[in-house]
Amino acid sequence: MTNRRIVTALMLGLLAAFAATSDAWAQKYGGTLVMLHRESPPSLSAHEEATISTVYVVMPTYNNLVLFDPLKARESLETIIPELATSWFWSDGGKRLTFRLRRGVKWHDGKPFTARDVKHTFDVAREVSKQHFKVNPRKEWWENIADVAAAGDHEVTFRLKRPQPSLVVMMASGYVPIYPAHVPPQALRTKIVGTGPFKLKTYEREKSVSLAKNPDYFVKGRPYLDGIDIPIIKARGTRDAALRAKQADVSFPYDITESIKRQTQEAAPQIIHDRNADTVSENMIVNMKKPPFNDAKLRRVVALAMDRTALIRGVHQGLGQPGGANLPLPHGVWGLPEEMLANVPGMGEGGAEKEKARQIMRELGYGPEKPLKVTMSTRAIVIFVDVAVWAIDQLKQVWIDATLEQVETGNWHPKVTRRDYQIATNLTGVGVDDPDANFFENYTCGSPRNYSDYCSPELEKRMVQQSMESDPQKRLKAVHEIDLQLQLDGARPILRHRIAYTSYWPYVKNYMNHQNTYNNYRMQEVWLDK
């Protein structure tokens with residue numbers, strides 16, 4: 001090699017090294033990030049809630065055993081990193097999962113974190129402890145865990161009834177923080193005692209949440225921020241105006257529609273608009289055990305009446321995808337392929353599908369002069385109400401006359417869990433993009449989150465079988481077959497898988513949206529370049 005080539009190679013190496021480290025040099029400490037919120041969280045306990053309204057606030061204050069890498073937009077088994085665990089391994093043919101735990105971690109009240117806290121968390125979640133959650137929406141996630149055993153302070157083993165490769169994936173969800181064994185679960189509904197990068201500073205209901213940096217955080221050099229302020233602003237237009245005026249740094253996640261984005265681009269063209277899926281579907285739930293929708297023919301009418309193409313193109317201005325229970329490609333992994341989705345009631349041409357629905361209504365004795373009168377319930381926030389108003393119009397075209405009932409967030413999940421409704425529009429968020437989380441939580445017999453009370457013991461056996469399958473292609477085929485049957489049965493007619501924008505100012509660094517809205521708010525990597 002000539003001297004010139006040697007010098008060139010050295011210079012290129014130095015430039016590469018500089019490029020690799022320049023981002024680290026640029027990172028700044030300090031400042032308070034302002035993140036907008038749409039409502040007060042119903043409680044501060046992620047394990048007990050089924051809404052981003054809680055996870056968004058509390059995720060910066062806790063840690064999981066494992067977590068999806070916050071700096072990688074697409075979540076998968078391959079992007080899982082250790083948090084309170086340092087490593088993990090399987091044994092006993094996939095029926096034992098052992099975690100080795102981090103040493104020197106402290107809870108926000110100064111007490112040490114140990115394996116006892118991990119065992120406590122999952123014993124309470126499995127409802128085998130004397131302590132309990134007030135509500136437990138994801139109990140079915142953990143039905144395969146036979147026992148949790150601590151070996152000293154820094155090792156814990158989960159013994160399973162059957163192999164379940166996706167268990168680690170579910171443990172990475174923002175819904176699965178580790179709770180302190182020395183604090184009663186009920187107390188964590190109104191206060192936070194975590195191990196995370198931020199501590200709860202103040203909370204004024206209907207006004208704001210304020211988080212402060214945890215100086216004892218176990219990750220060296222994190223977090224970068226001094227704190228996070230979360231103002232609560234119910235009106236979406238007011239939230240958007242606050243972002244444009246730099247009264248906030250980040251919008252509420254996936255809050256920005258196509259029309260709002262265009263308005264914001266005109267007023268503040270520097271703002272970044274990050275478009276992504278969020279593992280949330282808009283859907284219909286019908287009470288299968290309560291008249292009139294205990295009649296399978298009427299449930300089919302509902303599925304046929306919903307013109308999904310009109311919803312996506314009209315109401316949502318092209319933002320969204322039709323699909324089955326699981327998030328469709330390219331954002332998701334497990335969604336139904338188009339050729340299978342074409343067989344689902346309501347996926348055909350809107351006018352023809354509605355005529356099929358009207359024919360069933362005639363057979364049942366209904367018509368334009370004798371409509372079926374029902375109450376359409378929904379949660380009293382704009383993204384729910386928008387869909388409900390649209391669905392009421394769709395039903396009216398097939399002679400179902402629905403009256404809108406809006407339910408405040410604090411009452412919404414208890415209401416549908418009690419099955420205290422006839423028909424409703426709902427948004428279902430799945431804590432991880434994996435069929436085990438989705439199927440067991442939303443479609444198994446007796447699950448509190450199976451709001452329609454759909455029950456198929458035969459299909460449930462197949463759900464268990466796919467969960468045990470280690471071959472990805474065989475599992476994918478089984479998942480598709482199960483999903484199609486759920487759609488044919490009208491278990492929970494899916495209207496749209498959401499796509500929306502999260503918007504933020506360009507000085508907000510390392511704020512990375514995932515294809516799942518529940519898992520990327522640890523905020524320890526975020527910093528402000530201002």
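The values are calculated or read from the model by the stated rules, or taken from the named source; none is laboratory data. From a predicted model like this one, the values you see are computed outputs, not experimental measurements. Note that each Cβ is placed from the backbone with ideal geometry, even for glycine, and that neighbours are counted across all protein chains shown.
From the list R102, R116, R126, which residue is free of Cβ contacts under 8 Å to residues at least 60 places away in the same chain and touching an Asp or Glu at 6+ places or on another chain (Cβ under 9 Å)?
Only one candidate qualifies: R126.
Kindly establish whether I80 is touching a residue at least 40 places away in the same chain (Cβ under 8 Å) and touching a Ser or Thr at 6+ places or on another chain (Cβ under 8 Å).
no
Among the candidates K415, K370, K396, single out the residue that is out of contact with any His (no Cβ under 8 Å at 6 or more places or on another chain), within 30 Å of E206 (Cβ to Cβ) and surrounded by fewer than 20 Cβ atoms within 10 Å (Cβ to Cβ).
One residue alone meets the criteria, K415.
Quickly run through the range 184-193 and pick out the residues that are under 22 Å from A150 (Cα atoms) and touching a residue at least 60 places away in the same chain (Cβ under 8 Å).
P185, V193 - these are the residues of the range 184-193 that are under 22 Å from A150 (Cα atoms) and touching a residue at least 60 places away in the same chain (Cβ under 8 Å).
Does the range 158-188 hold any residues that are β-branched (V, I, T) and surrounded by fewer than 21 Cβ atoms within 10 Å (Cβ to Cβ), and which are they?
If the condition is that a residue be β-branched (V, I, T) and surrounded by fewer than 21 Cβ atoms within 10 Å (Cβ to Cβ), then V168, V183 are the ones that fit.
Looking only at the range 463-491, count every residue that is under 17 Å from K161 (Cβ atoms) and either of a type in the set (S, T, Y) or surrounded by fewer than 20 Cβ atoms within 10 Å (Cβ to Cβ) (or both) and tell me the total.
Number of matching residues: 6.
Consider W107 carefully, then state whether it is touching a Ser or Thr at 6+ places or on another chain (Cβ under 8 Å) and crowded, with 19+ Cβ neighbours inside 10 Å.
yes
For the range 293-312, name all the residues that are over 22 Å from N442 (Cα atoms) and outside any helix (DSSP H, G or I).
Across the range 293-312, the qualifying residue is only D307.
Residue-by-condition table, conditions (1) modelled with pLDDT under 95; (2) touching a Gly at 6+ places or on another chain (Cβ under 7 Å); (3) buried (at least 23 other Cβ atoms within 10 Å of the Cβ); (4) outside any helix (DSSP H, G or I):
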{"residue": "D278", "(1), (2), (3), (4)": "yes, no, yes, yes"}
{"residue": "G314", "(1), (2), (3), (4)": "yes, no, no, no"}
{"residue": "A325", "(1), (2), (3), (4)": "no, no, yes, yes"}
{"residue": "R358", "(1), (2), (3), (4)": "no, no, no, no"}
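In the range 510-530, which residues are of a type in the set (K, R) and either closer than 20 Å to L200 by Cβ or free of Cβ contacts under 8 Å to residues at least 12 places away in the same chain (or both)?
Selection gives R522 alone.
Being at pLDDT below 95 and either part of a loop (DSSP other than H, G, I, E, B) or in contact with a His (Cβ under 9 Å, 6 or more places away or on another chain) (or both) is the filter here; which residues of the range 23-38 pass it?
Residue satisfying the conditions is Q27 alone.
Select from the range 46-91 the residues that are part of a helix (DSSP H, G or I) and hydrophobic (A, V, I, L, M, F, W, C) and write down the one among them that is surrounded by the most Cβ atoms within 10 Å (Cβ to Cβ).
Step by step, filter the range 46-91, then rank; the result is A46.
Restricted to the range 399-412, and to residues that are touching a residue at least 60 places away in the same chain (Cβ under 8 Å) and within 18 Å of E48 (Cα to Cα), which residue is surrounded by the fewest Cβ atoms within 10 Å (Cβ to Cβ)?
G410
Looking for whichever is in the same structural domain as P330 (by TED's automatic domain parsing), under 30 Å from E83 (Cβ atoms) and among the polar types (S, T, N, Q) here; the options are Q524, Q515, Q466. Which one fits?
Q466
At pLDDT 95 or above, part of a loop (DSSP other than H, G, I, E, B) and either under 28 Å from K509 (Cβ atoms) or not assigned by TED's automatic domain parsing to the domain that holds N64 (or both): which single residue out of P231, P215, P180 fits that description?
P215
Determine whether A424 is outside any loop (DSSP other than H, G, I, E, B), under 28 Å from R239 (Cβ atoms) and modelled with pLDDT of 95 or more.
Against the criterion (outside any loop (DSSP other than H, G, I, E, B), under 28 Å from R239 (Cβ atoms) and modelled with pLDDT of 95 or more), A424 qualifies.
Just checking, how many residues over the range 239-276 are of a type in the set (A, V, I, L, M) and part of a loop (DSSP other than H, G, I, E, B)?
4
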